[in-house]
Amino acid sequence: MSTSAVEVSGEKVKAMWDKRLTKIFCDIYIKEILKGNRLGTHFTKDGWLKIMTNFEKETSKAFSQRQLKNRWDALKKEWKAWKKLKGKDTGLRWNPIKRTVDALDDWWESRLKVVPEAQKFRTSGIDPEFERKLNQMFMGIVATSDKAWAPSSADNMSQATSSLTPVMDPYGIPQAVKVFDSMSEEVPEASPLYFFILKLLLNKDKRIMFLSINPKIRALWLKTEMEDS
């Protein structure tokens, strides 16, 4: 992931971004999503105010809403290019030495013809941990906001790894229920929480969040959703 420096004319403070600041921004952003301060594809004014306030509190950087939104746009663009690059190729593995996916030169040459904007990922990709954060930030909104990418239709943007075999939506109801059923110790079957969660998972944005967050906090998140309902 790049550590770009973004400067916005007219701002009191130049927004110079590095990995640490980007991670803090993403963590704060995700917390506000979990609190329900994003309506559909956009944050409420109160949500942005909390993001700005908490970001300044943790970093001592008084970035404006415009500067934070510019970073959000840049991250979304990189995330979309990364997803488009990988397509449906589930056999890719992260190489911590190369700092990108472990793939042959032929694969890179083939994919970059289709996704030239992903050229920089050949030497510096998005690591799995950070990709999970970006999934939480963007997975539920990209398809509805600009129809550029959806989990079940990544190859509509790319013909390089086309296949006629239907691919199951990794964020569909069957997958969510499968993961949920594995949580029998945290959520007893036939309990009020159990039936609440079944209804909750009918909501696509909630399913995406449920499957994207750290498994260690899934049960806590579900209980919080029930308490806030």
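Quick note: the coordinates plus some simple rules give every number you see, no bench work behind them. Source: prediction; values computed, not measured. Because the Cβ atoms are built from the backbone with ideal geometry, glycine has one as well, and the counts that use them run over all protein chains shown.
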Subject >> Long-range HN-HN contacts of A15 with modeled amide H, under 5 Å >> reply: V8
**OP:** Of the listed pairs K50/K206; K19/K86; K14/K133; K120/K178; K120/K216; K98/K204, which have alpha-carbon separations greater than 30 Å here?
**Re:** K120/K178; K120/K216; K98/K204
Original post:
Given H placed 1.01 Å from N in the peptide plane, which residues other than close sequence neighbours of T100 have an amide H under 5 Å from its amide H?
Top reply: N95, G125
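If each residue's Cβ is checked for other Cβ atoms within 10 Å, how do R93, R122 rank with the fewest at the top?
On the way: R93 8, R122 17.
Ascending number of Cβ neighbours within 10 Å: R93, R122.
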**OP:** Just tell me which aspartates and glutamates come within less than 13 Å, Cα to Cα, of K45; anything on the same chain fewer than 8 places away is out.
**Re:** E32
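Going by how many other Cβ atoms sit within 10 Å of their own, how do K120, K83, K50 line up, fewest first? Kindly include the intermediate steps, with their values, before the conclusion.
Values: K120 13, K83 24, K50 17.
Fewest-to-most ranking of K120, K83, K50: K120, K50, K83.
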**OP:** For D228 and K31, calculate 0.36 nm times their separation in residues minus their Cα-Cα distance, and state this gained length in nm to one decimal.
**Re:** 69.4 nm
Subject >> Inter-label distance for A190 and K77, nm, one decimal - labels placed 7 Å from Cα along Cα-to-Cβ >> reply: 5.6 nm
Subject >> K35 long-range amide H proximity, modeled H, under 5 Å >> reply: none
Original post:
If you plug each phi of the range 67-81 into the Karplus form 6.51 cos²θ - 1.76 cosθ + 1.60 with θ = phi - 60°, what whole-Hz ³J(HN,Hα) values come out, in order, with x for Gly and Pro?
Top reply: 5, 5, 5, 4, 5, 4, 4, 5, 5, 5, 4, 5, 4, 5, 5
Subject >> Backbone HN-Hα couplings from phi across the range 186-197 [Karplus 6.51/-1.76/1.60, Hz, Gly and Pro as x] >> reply: 7, 10, x, 5, 6, 7, x, 4, 4, 6, 4, 5
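Once the Cβ-Cβ distance between R20 and K45 is put in as r, and R0 is 30 Å, what FRET efficiency do you end up with, to the nearest 0.05? Mind showing how you got there, number by number?
Working: r = 27 Å, r/R0 = 0.91.
Approximately 0.65, to the nearest 0.05.
Calculate, in nm to one decimal, what Q65 and D205 gain on full extension: separation in residues at 0.36 nm each, minus their alpha carbon distance.
Working: separation 140, 0.36 × 140 = 50.40 nm, distance 2.43 nm.
Result: 48.0 nm gained on full extension.
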